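Readers should treat all values here as calculations from the given coordinates under stated rules, not as data from a laboratory. As the structure is a prediction and not an experimental result, all values here were calculated from the model. Glycine gets a Cβ as well: all are built from the backbone with ideal geometry, and neighbour counts include every protein chain shown.
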Amino acid sequence: MAKPYSGDLRERVVRAVRSGRTQAEAARMFRISERSVRRYMGLWRKTGSVLPHTKFGGHKKPILAKHRAKVEKLVTETPHMTLETIRSRLAADGISVCVGALHNYLKTLKYTYKKNAGRLRAETQGHGRKARGVAKTSRRT
């Protein structure tokens, strides 16, 4: 996403249109799109200001970030639980989240999924059955 134009440019565009220029002329004069001029004029009529929003960009924190201790406790107590089981246990505590969000959150916490019985054909030969479910990967430095 591109950065917004400066507040100074936006104000000059509005002044140009208010002084009698058409929106198309103002767009050519300041080398911006006509759509931007229309947007600035609408914003100015509605709020009296054309300044861009103060927050730009960044990432949202995961929904489960504030419930990290609860999620980790569930996973470490019973690592064989499925995502749906974890989701239903969280729902019982009033934490509503979808399986996809839970999967993404566990991924950010560096948890991986062990192979299950349905995928035994993918196991390496010569290795016995090991604990299955969710396990935390080691952090490399």
Query - Simple label model, 7 Å out from Cα along Cβ direction - Leu51 to Ala24, nm - result: 3.4 nm
Query - Exceeding the 28 Å Cα-Cα cut-off - candidates Lys3/Lys107; Lys3/Lys70; Lys3/Lys110; Lys46/Lys66; Lys66/Lys110 - result: Lys3/Lys107; Lys3/Lys70; Lys3/Lys110; Lys46/Lys66
Query raised in the report: FRET efficiency for Lys61 and Ile32, Cβ-Cβ distance as r, R0 = 35 Å, nearest 0.05?
Result: 0.55
Requested in this report: Check cross-link reach from Lys73 to the aspartates and glutamates: straight Cα distance under 19 Å, and skip same-chain residues fewer than eight apart.
Outcome: Glu84, Asp93
Requested in this report: Pop a pseudo-label 7 angstrom from the Cα along the beta-carbon direction at both Cys98 and Glu72 and give the gap in nm to one decimal.
Outcome: 2.7 nm
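Of Met41, Met29, how do they rank once you tally other Cβ atoms within 10 Å and put the fewest first? Don't skip to the end; give the middle numbers.
Details: Met41 17, Met29 13.
Fewest-to-most ranking of Met41, Met29: Met29, Met41.
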**Report entry** Fewest-first ranking of His67, His80, using other Cβ atoms within 10 Å as the exposure measure
**Finding:** His80, His67
